[in-house]
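**Student:** Okay, here's the structure, questions in a sec.
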Amino acid sequence: LSWPLELRVDRAVEPGSWFACDGSEVLAIEARGHVGDGHAYFLREPGVLLAGDYLSPMTYPFVLSSLADAIATSNRLLEVIAEHRPRWVIPGHGRPLGLEEANEIGTADLAYLERLAAAAADVKDRGLSSGDALVAVYGVEPPRTTTDDFDLYGLRTINARTALAEKGSPR
């Protein structure tokens, strides 16, 4: 990857802080988990939550970086939805969502991620072999199906492996 010009940073924005952008008040939200450096933003006016790689109606969460961070991000996004009641939620993948649907997806996603963490902790406690542990955690059902182009990457396997790695279980 190369850039045809020299990049510059005019200001850094800390997660949890409000900043002005082109006349709008914007809340920066840490959204790690899917990736290690994820971000989301809430624009006060027009009442839009840009959810990054979360709250997708077309796929379940997939965790490329950290399950604990994905759980924390899901909680943060649900808090923003409850507190600021956005008119629209724009996920990184899929169509725009209304408030209620975004809340339902976020709640289901959080429950799924928490079940993954619990399953990984359980297999560690039971001392299962790496293959049996992976099968057990893989067995945690996602809240919805995904599209073929996402399924191609083996998202459930990635999620199970990430959960097992964080719990110190065999992978």
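**Student:** If the requirement is being within 25 Å of ALA12 (Cβ to Cβ) and either of a type in the set (Phe, Trp, Tyr) or out of contact with any His (no Cβ under 8 Å at 6 or more places or on another chain) (or both), which of these qualifies: PRO57, PRO142, PRO86?
**Tutor:** Within the list PRO57, PRO142, PRO86, the selection yields PRO86.
**Student:** So in the stretch 39-61, with the set limited to residues that are surrounded by fewer than 21 Cβ atoms within 10 Å (Cβ to Cβ) and at pLDDT below 95, which one is farthest from GLY92 (Cα to Cα)?
**Tutor:** GLU45
**Student:** I'd like the residue in the stretch 8-36 that is among the acidic types (Asp, Glu) and more than 20 Å from the chain's Cα centre (by Cα) and, out of all such residues, is least open to solvent (accessible area, probe 1.4 Å).
**Tutor:** Selected residue: GLU25.
**Student:** A follow-up question, please. Suppose the filter is under 22 Å from VAL137 (Cα atoms), of a type in the set (A, V, I, L, M) and at pLDDT below 95; does VAL13 pass it?
**Tutor:** No.
**Student:** Let me ask something additional. On the basis of being in contact with a Gly (Cβ under 6 Å, 6 or more places away or on another chain) and open to solvent by less than 60 Å² (accessible area, probe 1.4 Å), does LEU97 make the cut?
**Tutor:** no
**Student:** Hey, does the stretch 125-142 have a residue that's open to solvent by 40 Å² or more (accessible area, probe 1.4 Å) and either closer than 30 Å to ARG85 by Cα or within 19 Å of the chain's Cα centre (by Cα) (or both)?
**Tutor:** yes
**Student:** Let me ask you something else. Within the set of pairs 6+ apart or on separate chains, which have a first residue in the stretch 110-139 that is among the aromatic types (Phe, Trp, Tyr), a second that is assigned to a helix (DSSP H, G or I), and C-beta atoms under 6 Å apart?
**Tutor:** From the stretch 110-139, the pairs are TYR138/ARG156; TYR138/ALA160.
The values are calculated or read from the model by the stated rules, or taken from the named source; none is laboratory data. None of these values were measured; they are calculated from a predicted model. Cβ coordinates were reconstructed from backbone atoms using ideal geometry, including for glycine residues, and neighbour counts include every protein chain displayed. All accessible areas refer to the heavy atoms of the entire protein, side chains included, with ligands and DNA or RNA removed. Shrake-Rupley method; radii C 1.70, N 1.55, O 1.52, S 1.80 Å.
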